[in-house]
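Okay, structure first, notes after.
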Amino acid sequence: MNRSLGWFLLAVAVVAMGIAVWADNNFRIAIPASVVAVIAAGLLFIDAFVGRETLPRPVEERPAVREAGPLRTAFRSGRLGRETIADLLDRLERAGPNPGLPGRLGEETKRILRMPADEFRNYVRQRLDDLESRS
């Protein structure tokens, strides 16, 4: 049932019920008005519980996917993103060939942060090559 028909039936039920109450002892008006009110309310009840339409879900708008997301941002952040990159490499290694890899010590983190850009890229390349060879 469409919405406008539902609202129409609701209005018919309310008006017919009002007429039945207003008619008081005049049964020639009260009984037919009551029947109309009960039928309209019954149709609304049936539609609400039995004939319920399943509306399609609205399509979710997904945000634009960036190429490499946080990893690209970490590489662009220079020294600030190096710790993120090193942590990601550690997580990859723990998820793959070396699940018992201990956490990185503070001195090692400081050494990674102090590396020149070329040396850091070589460090990342070496770690990735090592992970790939052991996978």
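Count of segment 66-89 residues, restricted to those that are surrounded by 13 or more Cβ atoms within 10 Å (Cβ to Cβ) and either in contact (Cβ under 8 Å) with a residue 24 or more places away in the chain or of a type in the set (Phe, Trp, Tyr) (or both), is 6. Residues in segment 113-135 that are acidic (Asp, Glu) and either surrounded by 10 or more Cβ atoms within 10 Å (Cβ to Cβ) or touching a strand residue (DSSP E or B) at 6+ places or on another chain (Cβ under 6 Å) (or both): Glu119, Asp129, Asp130, Glu132.
Within segment 56-76, the presence of at least one residue that is at pLDDT 80 or above and more than 28 Å from the chain's Cα centre (by Cα) is confirmed.
The set of residues from segment 90-112 being loosely packed, with under 14 Cβ neighbours inside 10 Å and either polar (S, T, N, Q) or touching a residue at least 24 places away in the same chain (Cβ under 8 Å) (or both) comprises just one member, Gly96.
So that you can scan it fast, the table gives a plain yes or no per residue for (1) modelled with pLDDT of 90 or more; (2) over 30 Å from Gly6 (Cβ atoms):
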| residue | (1), (2) |
| --- | --- |
| Ala30 | yes, no |
| Val38 | yes, no |
| Asp47 | no, no |
| Gly81 | no, yes |
| Ala86 | no, yes |
| Arg91 | no, yes |
| Leu113 | no, yes |
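The values are calculated or read from the model by the stated rules, or taken from the named source; none is laboratory data. Every value quoted in this text rests on a predicted model; they were computed, and no experiment measured them. As a convention, Cβ positions derive from the backbone with ideal geometry for all residues, glycine included, and neighbour counts pool all protein chains shown.
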